[in-house]
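Right, one structure below, let's go through it.
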Amino acid sequence: KNEVEQSPQNLTAQEGEFITINCSYSVGISALHWLQQHPGGGIVSLFMLSSGKKKHGRLIATINIQEKHSSLHITASHPRDSAVYICAVGSFNSGGSNYKLTFGKGTLLTVNP
Amino acid sequence: EAGVTQFPSHSVIEKGQTVTLRCDPISGHDNLYWYRRVMGKEIKFLLHFVKESKQDESGMPNNRFLAERTGGTYSTLKVQPAELEDSGVYFCASRGGCRNTEAFFGQGTRLTVV
């Protein structure tokens, strides 16, 4: 079982719909990252959070540390939101010298016009 | 400020050949990471540099992979000789100070070994 589980793996939505992508993890973390990768493109960091909620435009990310769960929401989805969304958890080693990211498999989102 | 840049963006080589990937991190970032995504799988950690030193290379698949970061600036990842299973997208990321958790990713290099 992967340390970071995302659901769903694939998601198809109609333009305007509210989207939720979930991420559960099984390890202690310092921060959780939501990343976006458009087809053929590089990885862009959307959010980095260690508690609570963050909002950027139509994107909202929440995290529940006790439940080891995070969600990424997209309001009023648009075809340009079509991309792979990746959850990654980051943790330092015991000495604090090494910060490592562990990635989920990603969620392929397709938003149809 | 320039972001993390990777060269080349795509590479198609034959099995047995050598390929060298390059990553230029954000200027001043001591931490540089290499990751790989094989089709259908999650992104996997390869190794981590702090300046010019290899902090953690536990993710390197085998001794056909050699990473260097001379002078603590850009890094290269050489695959020699390449095998079919080395195909994938190789990402580089850089991070600033020791307790800073924000990582910046490059565009990736798509490597296809035929």
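About the Cα centre, and with charges only on the beta carbon of Lys, Arg (+1) and Asp, Glu (-1), how big is the dipole of the protein assembly as shown? Nearest 20 debye, please. All intermediate terms of the calculation are to be shown ahead of the outcome.
Values: 23 positive and 19 negative charges, 37 e Å.
About 180 debye.
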statement: Taking 0.36 nm per residue of separation between B:Thr20 and B:Glu57 and subtracting their Cα-Cα distance, the length gained on full extension comes to 11.6 nm
- prompt: Considering the Cα trace of the range B:58-106, what is its radius of gyration and what is Dmax, both in angstroms?
  reply: 13.1, 38
task: Over the Cα atoms of chain B, compute the convex hull volume and normalise it per residue, giving Å³.
output: 95
- prompt: Over all directions, what mean area does the Cα convex hull of the range A:27-111 project, stated in square nanometres?
  reply: 6.1
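Taking the DSSP beta bridges in the protein assembly as shown as the whole, what percent of them are antiparallel, to the nearest 5?
Numbers: 76 of 85 bridges.
Bridges in the protein assembly as shown that DSSP calls antiparallel: roughly 90 percent.
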Those trypsin sites (Lys or Arg not before Pro) in the range B:36-76 that DSSP places in a loop and that have at most 15 other beta carbons within 10 Å: B:Lys41, B:Lys51, B:Arg64
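For B:His29, A:His69, give me the order by solvent-accessible area with a 1.4 Å probe, most accessible first, ignoring ligands, DNA and RNA. Write out the running numbers ahead of the final one.
Values: B:His29 30, A:His69 55 Å².
In descending accessible area the options line up as A:His69, B:His29.
Can you sort A:Arg80, B:Arg110 by 1.4 Å-probe accessible area, starting with the largest? All intermediate terms of the calculation are to be shown ahead of the outcome.
Numbers: A:Arg80 145, B:Arg110 110 Å².
Final ranking, largest accessible area leading: A:Arg80, B:Arg110.
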message: Can you give me the distance in nm between label points at A:Glu5 and B:Ala2, each placed 7 Å from the Cα along the Cα-to-Cβ direction?
response: 4.3
query: With every protein chain present, what is the per residue accessible area of the range A:41-97 (1.4 Å probe, Å²)?
result: 46
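Quick check: convex hull of the Cα atoms in the protein assembly as shown, volume per residue, rounded to a whole Å³?
127
What's the magnitude of the charge dipole for chain A around its Cα centre, counting Lys and Arg as +1 and Asp and Glu as -1 at the beta-carbon? Answer in Debye, nearest 20. Could you put the intermediate results ahead of the total?
Numbers: 9 positive and 6 negative charges, 47 e Å.
Magnitude of the dipole: close to 220 debye.
The values are calculated or read from the model by the stated rules, or taken from the named source; none is laboratory data. The model shown is predicted, which means the values in this text are computed figures rather than measured ones. Virtual Cβ from ideal backbone geometry, glycine too; neighbours counted across all protein chains shown. All accessible areas refer to the heavy atoms of the entire protein, side chains included, with ligands and DNA or RNA removed. Shrake-Rupley method; radii C 1.70, N 1.55, O 1.52, S 1.80 Å.
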